[in-house]
Amino acid sequence: MSVATETAAPAPAKPARNRSRLEHRPGLNRWLPYALLAPAVLLELFIHIIPMLVGIWMSFVKLTKFFIANWSAAPSAGLGNYKVALDFNNAVGEGLLKSFGVTVAFSLITVAFSWVLGMAAAVALQPEFRGRGLVRTLFLVPYALPAYAGILTWNFMLQRDTGAVNHVLEQLHLSDGDTFWLIGGNALISLITVAGWKLWTFAFLTLMAGMQSIPRDLYEAASVDGAGNIRQWRNITLPSLRPVNLVLVLVLFLWTFSDFNTPYVLFGTAQPPAGDLITFHIYNASFLTWNFGTGAAMSVLLLIFLMIVTGAYLLVTGRRSRRA
């Protein structure tokens with residue numbers, strides 16, 4: 001008795017119906033990336049590029065209050081505005097030079113202060129312990145808080161008669177409670193404190209993220225070899241974070257040197273000489289004297305200085321990285 005076995009013939013393959021429509025539209029596929037980039041490019045053009053070009057043009061004309069209604073009627077100044085800004089024998093150039101010195105000191109101290117606090121906090125919160133996530137969240141509050149709200153709070157705290165800073169210092173017998181923090185020589189200390197309070201959390205967040213990529217095996221091996229915490233930080237953490245630190249220090253310096261919100265909100269329009277940052281000085285030179293041509297020339301000089309510093313920094317650090 002024979003059993004007949006019958007095998008079913010394979011079904012014919014159906015044409016794929018779920019292919020992307022972009023495969024049938026090569027023109028759309030070619031222009032889609034440009035269409036997606038167009039909104040960002042337009043925003044960058046209208047928010048940064050065009051105002052910067054207008055500012056450069058303003059630096060070459062005598063744009064004062066007499067020509068606000070008709071900018072095109074402003075007479076040409078050539079390099080006259082730059083000569084006034086760089087003539088340190090007159091009041092305008094001397095004031096700009098003093099403001100530049102204050103800004104350099106403010107930027108260097110604030111960047112160092114922010115980096116040290118950020119590194120200390122990142123190292124302290126690297127080991128696992130109970131409540132570490134809560135502490136990290138609390139440390140990020142200054143970074144998440146709106147800048148104006150934080151600076152206004154510091155303004156209230158630094159008041160001479162009703163501020164919390166003088167009250168606490170008096171209770172700790174560190175001061176008589178009559179210290180002026182927003183005028184006089186202490187204005188620079190207040191400015192550094194507030195700016196450092198804003199920036200150190202960014203340094204902490206950046207360094208903490210960089211430490212996540214360092215293998216724990218390196219620390220365990222170093223600990224077995226008898227290396228202490230300081231030696232591990234010097235020989236493992238710092239070299240591993242070198243690429244992060246190169247970018248972090250540059251960003252902190254650029255942000256600090258061009259900071260306008262902190263002195264403006266903290267001091268108002270009448271800034272003390274000790275807190276006369278260059279961005280605030282340029283603002284006053286433009287809007288208080290109504291000499292927008294000279295103010296624009298100062299802004300272009302500031303832009304050139306920051307570009308030179310950035311280029312020199314990247315050149316030096318790039319050479320050191322290649323040697324290493």
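The values are calculated or read from the model by the stated rules, or taken from the named source; none is laboratory data. The structure displayed is predicted, hence computed values, not measured ones. Reconstructed Cβ throughout: ideal geometry from the backbone, glycine too, with neighbour counts over all protein chains shown. These accessible areas exclude ligands, DNA and RNA; they are computed on the full protein's heavy atoms, side chains included. Shrake-Rupley method; radii C 1.70, N 1.55, O 1.52, S 1.80 Å.
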- Give the range of the longest stretch in the chain that excludes all GluC sites (Glu not before Pro) found in loop regions by DSSP and having at most 14 other beta-carbon atoms within 10 Å. 129-324
- 19 Å tail of the calculated P(r), segment 149-244, as % of Cα pairs: 60 percent
- Query: Carbon-plus-sulfur fraction of the accessible area of the chain, 1.4 Å probe, in percent?
  - Reply: 66 percent
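Does the chain come out rounded, prolate or oblate by the C-alpha gyration tensor, with a ≥ b ≥ c the root eigenvalues, rounded set by a/c under 1.5 and, if not, prolate when a/b is larger than b/c and oblate if not?
Details: a/c = 2.38, a/b = 1.37, b/c = 1.74.
Oblate, since a/c reaches 1.5 and b/c is not below a/b.
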- Task: Would you mind pulling out the separation of the Cα centroids of segment 102-135 and segment 280-295, in Å?
- Result: 36 Å
- Rounded to the nearest 10 degrees, the helix 242-257 long axis (Cα) sits at an angle to the longest Cα principal axis of the chain of 40 degrees
- Query: Quick one: if the Förster radius is 45 Å, what FRET efficiency do Asn186 and Leu218 give, using the C-beta to C-beta distance and rounding to 0.05?
  - Reply: 0.50
- Between Val123 and Ile56, with labels modelled 7 Å along Cα→Cβ, what's the label distance in nm to one decimal, could you check? 4.4 nm
- Relative to the longest principal axis of the chain, what angle (0 to 90°, nearest 10) does the C-alpha long axis of helix 91-124 take? 40 degrees
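Can you tell me how much longer the chain between His173 and Leu134 gets when fully stretched, taken as 0.36 nm per residue apart minus their C-alpha distance, in nm with one decimal?
Full-extension gain reported as 10.8 nm.
What length, rounded to one decimal in nm, is gained on full extension from Arg319 through to Trp233, with 0.36 nm per residue of separation minus their alpha-carbon distance? Show your work: numbers first, answer last.
Numbers: separation 86, 0.36 × 86 = 30.96 nm, distance 2.41 nm.
Gain on extension, Arg319 to Trp233, equals 28.6 nm.
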- Quick calc: nm separation of the 7 Å Cα→Cβ label points for Ile47 and Thr193 -> 3.4 nm
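Mind checking the per residue accessible area of the chain for me, 1.4 Å probe, whole number of Å²? If you can, show how the numbers build up before the last one.
On the way: 20550 Å² over 324 residues.
So the chain comes to 63 Å² accessible per residue, rounded to a whole number.
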- Task: Output ³J(HN,Hα) for segment 135-152: one whole-Hz value per residue in order, computed from phi by the Karplus curve 6.51 cos²θ - 1.76 cosθ + 1.60 with θ = phi - 60°, and x for Gly and Pro.
- Result: 5, 4, 5, 5, 5, 8, 4, x, 6, 7, 6, x, 4, 5, 5, x, 5, 4
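Given the Cα-Cα distance of Leu303 and Ala209 and 0.36 nm per residue of separation, how much length would full extension add, in nm? Spell out each step's value before the answer.
Details: separation 94, 0.36 × 94 = 33.84 nm, distance 3.07 nm.
Full extension from Leu303 to Ala209 adds 30.8 nm.
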- Note on the structure: With x for Gly and Pro, the residue-by-residue ³J(HN,Hα) of segment 33-46, computed from phi through the Karplus equation 6.51 cos²θ - 1.76 cosθ + 1.60 at θ = phi - 60° and given in whole Hz, is x, 5, 5, 6, 7, 4, x, 5, 5, 5, 4, 4, 5, 7
- Karplus ³J(HN,Hα) for segment 79-87 (6.51 cos²θ - 1.76 cosθ + 1.60, θ = phi - 60°; Hz, whole; x = Gly/Pro) runs 9, x, 5, 5, 5, 5, 5, 9, 8
- Task: Taking DSSP loops as anything outside H, G, I, E and B, show the longest stretch in the chain free of trypsin sites (Lys or Arg not before Pro) there with at most 13 other beta carbons within 10 Å.
- Result: 131-324
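Among residues other than Gln271 whose Cβ falls under 15 Å from its Cβ, what is the net charge (Lys/Arg +1, Asp/Glu -1)?
Here the count lands on -1.
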- Message: Under a crude label model (7 Å from the Cα following the beta-carbon direction), how far is Asn89 from Asp161 in nanometres?
- Response: 4.8 nm
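If I take R0 = 45 Å and measure r between the Cβ atoms of Ser258 and Asp225 in this structure, what FRET efficiency does the formula 1/(1 + (r/R0)^6) give, to the nearest 0.05? Numbers along the way, then the final one.
Details: r = 45 Å, r/R0 = 1.01.
Working from the Cβ atoms, E equals 0.50.
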